[in-house]
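Here's the structure, in structure tokens; my notes come after.
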Amino acid sequence: MSDIVRVGVDLAKNVLHVHAVDAAGKVIATRALPRGKFAEWCSQLPANCLVAMEACSGAHFWSRKLIAMGLDARIIPSQLVTPYRVQGRGGKNDANDAAAICEAASRPHMHFVPTKTVAQQGMLCVHRLRESLKEERTACINQIRGLLSEFGVVLPQSAKVLRERLIEVIEDATNEIASMARLVVQRAADRWRELDEHITWCDQRIAAHNKDDQQVRRAAQVKGIGPITASALVATVGDFKQFRNAAQFGAWLGLTPKQNSSGGKTCLGGITKRGDMYLRSLLIQGARSAVLSADKRDDPISRWVQRLCDRSGWQKAAVALANKNARILWAMLTREQRFNCHHVSVKPSGQQCAPDGLAS
């Protein structure tokens, strides 16, 4: 165990597979461990030993636990591990996955996922619950519409109108809705009301996060980033200084163009859509509302958005504004500054280098 310098772990619910190598890359141990014995096995590893695992359910829990034991725990995005499985797609199993994770962790250019704190994961649970409740509410509303349409009752496609007229439709004895169907629709309406209460509870938790966290309050000042987006961004990213610059943060969110360039010819397409889909959708939806109301403001960003709308259309302008907001957010939170819509960024003046490589 003292010769082990790097360990790859394939996480699972009950059985975890480990692949350990020494400094020369020679395999020291490869075995499956029950969940209850994994921490005990890791306690025998030398201090600062690199233990890598894929980003999955439970990865941040084990990462915090291993860091507390004095080990160097790293989390690797799953899409970056697959190319290092030498057996290819047809050779996927726990042992091969652990070996691929161990090999991927040895690469000097590998990108790792920062370990989230308990508070970050707790806040993200609220956002995940809220999204699932919204989907369930939409399904409930569509189900009510479908049940009513079976009896010839068609209402406008507005949740507000449906809510206002639903009781009237249920109690109207002149329509042809069956008595059993009325009971079913009433039960579905009660479910809709219950879902609204759960979503309100989630919104209250997000509002409390906005009140208690200074980073969330700063982020919510940006046009197109509201309290929900600000809370989700801060809870997901944590330390924004993990990104070298604002462009890297925008690329991490999947808001930069994907490339298909070759032979010195640059060919750009749509956005890459990498990273967290939830964060990207929040940023784009918020940017859309800011784009549609840009003509009511006279700050530099709004004027830029209006020119971009005239040139490329409002949809492309919304994505461009989402990318700009992400960059502004990175600059604000890394420099601990407030949002200023009239701020004009100035590119640093170029410095000429002396022959020895030092700035002249």
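Taking first residues from segment 208-232 that are under 11 Å from Leu329 (Cα atoms) and partners that are of a type in the set (Lys, Arg) and assigned to a loop (DSSP other than H, G, I, E, B), the Cβ contacts under 8 Å between residues at least 6 apart in sequence or on separate chains come to Arg218/Arg338; Gln221/Arg338; Lys223/Arg297.
Considering the conditions (1) in contact with a Pro (Cβ under 7 Å, 6 or more places away or on another chain); (2) closer than 23 Å to Thr82 by Cβ, Ser2 is excluded by exactly one of them, (2).
Filtering segment 207-221 to residues that are within 12 Å of Leu233 (Cα to Cα) and of a type in the set (A, V, I, L, M, F, W, C) leaves Val216, Ala219, Ala220. Selection of segment 97-118 for residues being assigned to a loop (DSSP other than H, G, I, E, B) and in contact with a Gly (Cβ under 8 Å, 6 or more places away or on another chain) yields Ser106, Pro114, Lys116, Thr117.
For the residues Thr256, Thr266, the requirement of being in contact (Cβ under 8 Å) with a residue 12 or more places away in the chain and of a type in the set (Ser, Thr, Tyr) singles out Thr256. Among the candidates Ala95, Ala73, Ala68, Ala104, the residue that is farther than 21 Å from Gly275 by Cα and in contact with a helix residue (DSSP H, G or I) (Cβ under 8 Å, 6 or more places away or on another chain) is uniquely Ala73. Against the criterion of being in contact with a Gly (Cβ under 8 Å, 6 or more places away or on another chain) and not aliphatic (A, V, I, L, M), Gln259 qualifies. Considering only segment 102-116, I want to know if a residue exists there that is more than 30 Å from Asp72 (Cβ to Cβ) and in contact with a Lys or Arg (Cβ under 6 Å, 6 or more places away or on another chain). For segment 102-116, residues more than 30 Å from Asp72 (Cβ to Cβ) and in contact with a Lys or Arg (Cβ under 6 Å, 6 or more places away or on another chain): absent. Number of residues in segment 231-260 that are part of a loop (DSSP other than H, G, I, E, B) and among the hydrophobic types (A, V, I, L, M, F, W, C) equals 3. Candidates Glu176, Glu164, Glu194: the one that is modelled with pLDDT under 95 and within 30 Å of Pro227 (Cα to Cα) is Glu164.
When each of Leu124, Leu148 is tested for being modelled with pLDDT of 90 or more, surrounded by 11 or more Cβ atoms within 10 Å (Cβ to Cβ) and within 29 Å of Ile228 (Cα to Cα), the lone residue that passes is Leu124. In segment 261-285, the qualifying residues are those that are part of a strand (DSSP E or B), under 13 Å from Val319 (Cβ atoms) and of a type outside the set (A, V, I, L, M, F, W, C), and the one that is nearest to the chain's Cα centre (by Cα) is Gly270.
The values are calculated or read from the model by the stated rules, or taken from the named source; none is laboratory data. Computed from a predicted structure; not experimentally measured. Positions of Cβ are backbone-derived with ideal geometry, glycine not excepted, and every protein chain shown enters the neighbour counts.
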